[in-house]
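Input: a single structure, listed below in structure tokens.
Just so it is clear, none of the values below were taken in a lab; they were calculated from the coordinates. On a predicted model such as this, the values are computed, not experimentally measured, just so you know. As a convention, Cβ positions derive from the backbone with ideal geometry for all residues, glycine included, and neighbour counts pool all protein chains shown.
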Amino acid sequence: MIKRTIAFALALLLAVTAFAACGKQPPRETTAPTEPSQTTLPTETEPPATTPPDGNPEDVTCKGTYYDGGSAAAVAAAAGEAELTNEALQVWYWAAVGEYVQSGREPQPDLSRGLDAQVCPVDDSVNSWQQYFLRQALNAWHTAQALSAASETWQQPLEEAYKPIEKTHQEYLGDVPATRWLYGYNTAYTVNTMHQKFLDELPELFETLAREKGYESAEAMAQAAFGVSAETLRSQVERYNRGYMFFVEETYYLDAPTDEEIEAEAAGLTGGTEPCVSIRHVLLRPEGATIDAQGVVSASEEAWEACLKDAQTRLDKWKRTYPAGEPTFANLAHDNSLDAGNALDGGGYQDLVPGQLPQELEAWCFDETRKNQDVTVLRSPYGVHMLFFVSGRTQAEAQAEQLLRQRQERALIDSALEALPMEVHYGDITLREAEGTVSLGELLYSDIGHERFPEIPLYLQQDYPSTMYGNYRIMTHGCGITSMAMLASYMGDDLYTPPKMCSWFGTYCSEHGTEGALFIREPPRMNFYVQKWTSDPNEVLEALKEGKVAVSIQRKGYWTRGGHFIVLEKLLEDGTVQVRDSNIYNYKRIAAHAQDRHAWKDVTAASKGYWIFDHKIDTIPACARCGEAESLSPKVVSGDYLCRKCRPAALRRGIYMDAIGE
């Protein structure tokens, strides 16, 4: 392989000559130095750019220049049955250029000159920036294609307790619409509706990018920035994103690193002995207080004392609740905290480090004697704080957990790459000049506000014939706990299956079924919150109009011969309601299941009451990535805080971007 230093020396020696690629490329045009005259002083001229010689035919140095005017339809690379043409390669290549340029890394290539004639100083295994970016482009396509291919044979991992009876499914479900969301019914991978919406709106994304970058249209941007049509750009960006979307799905099924694995990994790290803590927080303010632009509170001492007393009274009342633990404290924060940064998420902050909290809170949180579930009331310039200490660990342990997770997720990509090798036809590759003003990151799904479950999944009691719910079988007594599983999976964006819910909440089962207290006490454990219990259907109708969800308990009538819980997912445009029903036998008995649209009167006629739940949490205001942290006042947590949803999202997005950029 010709090294960078050799190429540079040749450039100096052959100032007016260029090497052809594989013997086919004519010399690039250069300007000869002006002959000095007797009346003018000689001017210093920079040696004209030259392309390096051809290199190894088996790697990216094959051609000294890939600007050789070859066929756009020629196959540049293949992986399995998929082929990458030169036309499609332009998208990956110029997006890789744009990614590097926009990263601000030094040194930078000069985009006003041919990249084939510029030495790449960041990687001495290649001779030019063109070769460097070509390798990245090929790796990016290979990664996306390998993951897309893996998605075609992927099967959703299923619980051991899941034992559906195929004959019963065929008889009672048929092809009712709700089976699209039924756990285990469709185990092959498909993009979820949130991902599909992004893919469908790619033309709008291109138009937005075009305006931001000063192009007249998406077509103009595609031609100028990539040298291709907008349709070619869309097809490759869709492939790029489908690979990522499948990767996201795979990560959901990874087992979390164990405490033992984290401890062992942390032991091998140097430093990191400083602490980090996770807390729940409630902010109150004195009555009649004034608050400045920074959130600092001014009030009389009497008002401060009254606020402190009120906080202690609330805390004492919480201590008498059952159970007085983190979920009930989270509920207290959700209902009472004035901390705009995270009240909606139960006041939770994870893995805070020294320097991120006001000094009054920091002194208490980072006290070496602090224990899990300690509580206190404190005063700071921002108000009165009620604190619940969730847990503490070293920063090395937090870093170790992330490193372990990185390896797990990177292994998913490596496995896909190994299963689908790429063959590159370097001698047939050709590139064309373009502007490279759009980056890979700008074309990738942002993963901000992402939902694992954009719709409520469907679970059926009868699919778990051996699962016990308390002292009873879920098949006969489990409509309430199965409804909770559906609700929690959607609202908490995690796989909370009926067996998992039964193992956690079996004490809520009696001979009469599920106690309604389940829907009041336990949602905070899964990161969502009940708004109220009501027997007024009009209140529920208004909540559904606002995009909230509800659970209804039914007496004998339309839905049941005894008692039954159902989940009200959403109000449809024609005034009907989409319902998640855990009883498989209803799907044949109730005709409206065939359209997944139920008349409002059929929901309300025999309903004994409803639990209305607050909106699903998809973004956190205090988060520097998905929220509006800079505009918060007061900003209780300083620094670049990442919320519980953005930490894993940023990690997996970074891993994918690193893999395609290699």
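Things to note:
- Residues of the range 540-554 satisfying the condition of being more than 11 Å from Phe613 (Cβ to Cβ), surrounded by 15 or more Cβ atoms within 10 Å (Cβ to Cβ) and not hydrophobic (A, V, I, L, M, F, W, C): Ser552, Gln554
- All helices (runs of 4 or more DSSP H) inside the range 274-387 with 1 or more residues being over 23 Å from Phe528 (Cβ atoms) and touching a residue at least 12 places away in the same chain (Cβ under 8 Å): 301-319, 359-365
- Index of the failed condition, Thr507 passing every other in (1) assigned to a loop (DSSP other than H, G, I, E, B); (2) over 14 Å from Asp614 (Cβ atoms); (3) not acidic (Asp, Glu): (1)
- Checked against the criterion of being more than 28 Å from Tyr244 (Cα to Cα), in contact with a strand residue (DSSP E or B) (Cβ under 9 Å, 6 or more places away or on another chain) and aliphatic (A, V, I, L, M), the range 149-172 has no qualifying residue.
- Residue satisfying condition, being under 29 Å from Leu403 (Cα atoms) and assigned to a helix (DSSP H, G or I), within set Ala266, Ala210, Ala225: Ala266
- Under the condition of being part of a loop (DSSP other than H, G, I, E, B), in contact with a helix residue (DSSP H, G or I) (Cβ under 7 Å, 6 or more places away or on another chain) and buried (at least 20 other Cβ atoms within 10 Å of the Cβ), the residues counted in the range 483-504 number 2.
- Number of residues in the range 235-248 that are of a type in the set (D, E, K, R) and either in a loop (DSSP other than H, G, I, E, B) or crowded, with 19+ Cβ neighbours inside 10 Å (or both) equals 2.
- Hey, Tyr610 farther than 30 Å from Arg473 by Cα, touching a residue at least 60 places away in the same chain (Cβ under 8 Å) and either of a type in the set (Phe, Trp, Tyr) or touching a strand residue (DSSP E or B) at 6+ places or on another chain (Cβ under 7 Å) (or both) or not: no
- Neighbours by Cβ (under 8 Å, 6+ apart or cross-chain): first from the range 156-177, exposed (fewer than 12 other Cβ atoms within 10 Å of the Cβ); second in a loop (DSSP other than H, G, I, E, B): Pro157/Tyr253
- Identity of the residue in the range 510-535, in contact with a Phe, Trp or Tyr (Cβ under 8 Å, 6 or more places away or on another chain) and in a loop (DSSP other than H, G, I, E, B), that ends up surrounded by the fewest Cβ atoms within 10 Å (Cβ to Cβ): Glu511
- Residue in the range 482-502 that is over 24 Å from Leu571 (Cα atoms) and of a type in the set (D, E, K, R) present: yes
- For first residues located in the range 84-109 and touching a residue at least 60 places away in the same chain (Cβ under 8 Å) and β-branched (Val, Ile, Thr), partners that are surrounded by fewer than 21 Cβ atoms within 10 Å (Cβ to Cβ) and assigned to a helix (DSSP H, G or I) and lie 6+ apart or on another chain with Cβ distances below 7 Å form the pairs Val91/Thr232.
- Within the range 162-175, none of the residues are within 22 Å of Ser582 (Cβ to Cβ), part of a helix (DSSP H, G or I) and within 24 Å of the chain's Cα centre (by Cα).
- Filtered residues of the range 117-155 (kept if free of Cβ contacts under 8 Å to residues at least 40 places away in the same chain and part of a loop (DSSP other than H, G, I, E, B)): Val122, Asp123
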